[in-house]
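To start, the structure under review is shown below, and the notes come after it.
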Amino acid sequence: PMVVGGRSAGARSAARSARALGAIGCLALAFPLHPPGRPEQTRLDELRGAGVPTLVIQGENDTMGRPEEFPDDVDLTVVPGADHGLKVPKRGPISQEDALGIIVEATLEWLVRDIVG
């Protein structure tokens, strides 16, 4: 079984190609829901078009899609204080190491719960 994934434009590509590739899941890191400052140009259809269980891991301060801009039915993990690069400021609410831990833990939990479980 294969899970496809990527970050930013790679997340868009993964969502667009998941079903055609025969993937059983899609991991979308920092999915660019819209261009910066243009929420009316949504790419939600691309995300939903994956056709397989999809996990989005998004920074709390991502200018290309803040967590509250995603609908409730999207499986979403938020990295506190993180930007589009999933980086947190030095004086942010968590350390960069903790941010990476959230990404890894959320991915593993999703894989067990929704993919191989």
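The values are calculated or read from the model by the stated rules, or taken from the named source; none is laboratory data. Treat the numbers as computed from the prediction; the structure is a model and nothing was measured. Accessible surface areas use protein heavy atoms only, side chains included; no ligands, DNA or RNA. Shrake-Rupley method; radii C 1.70, N 1.55, O 1.52, S 1.80 Å.
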Query raised in the report: Rounded to a whole number, what % of the accessible area of the range 1-49 do carbon and sulfur atoms account for, probe 1.4 Å?
Result: 53 percent
Query raised in the report: Can you give the accessible area of E105 in Å² (nearest 10), computed on protein heavy atoms with a 1.4 Å probe?
Result: 110 Å²
Query raised in the report: To the nearest 10 square angstrom, how much accessible area does D83 have with a 1.4 angstrom probe?
Result: 60 Å²
Requested in this report: Provide, in order from the shortest bin, the percent of all Cα-Cα pairs of the chain in each 10 Å bin, continuing until the bin that contains the maximum pair distance.
Outcome: 15, 47, 31, 6, 0
Query - R113, R43, ranked by accessible area, largest first (probe 1.4 Å) - result: R113, R43
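Sort L21, L76 from largest to smallest accessible area, using a 1.4 Å probe on the heavy atoms of the protein chains.
From most exposed to least exposed: L21, L76.
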Query - Long-range HN-HN contacts of F31 with modeled amide H, under 5 Å - result: S8, I57
Query raised in the report: Given a cut-off of 15 Å, what percent of all Cα-Cα pairs of the range 6-69 lie beyond it?
Result: 43 percent
Report summary line: the chain accessible area per residue, 1.4 Å probe, protein heavy atoms, integer Å², reads 54 Å²
Requested in this report: Would you please give the residues with an amide H less than 5 Å from that of G5, counting only those at least 5 places away or on a separate chain, with H modeled from the backbone geometry?
Outcome: L27
**Report entry** Cα principal axis extents for the range 52-117, largest first, Å
**Finding:** 38, 25, 15
Query raised in the report: In whole Hz, what ³J(HN,Hα) sequence does the range 97-105 give by Karplus (6.51, -1.76, 1.60; θ = phi - 60°), x for Gly and Pro?
Result: 4, 5, 4, 5, x, 4, 4, 5, 5
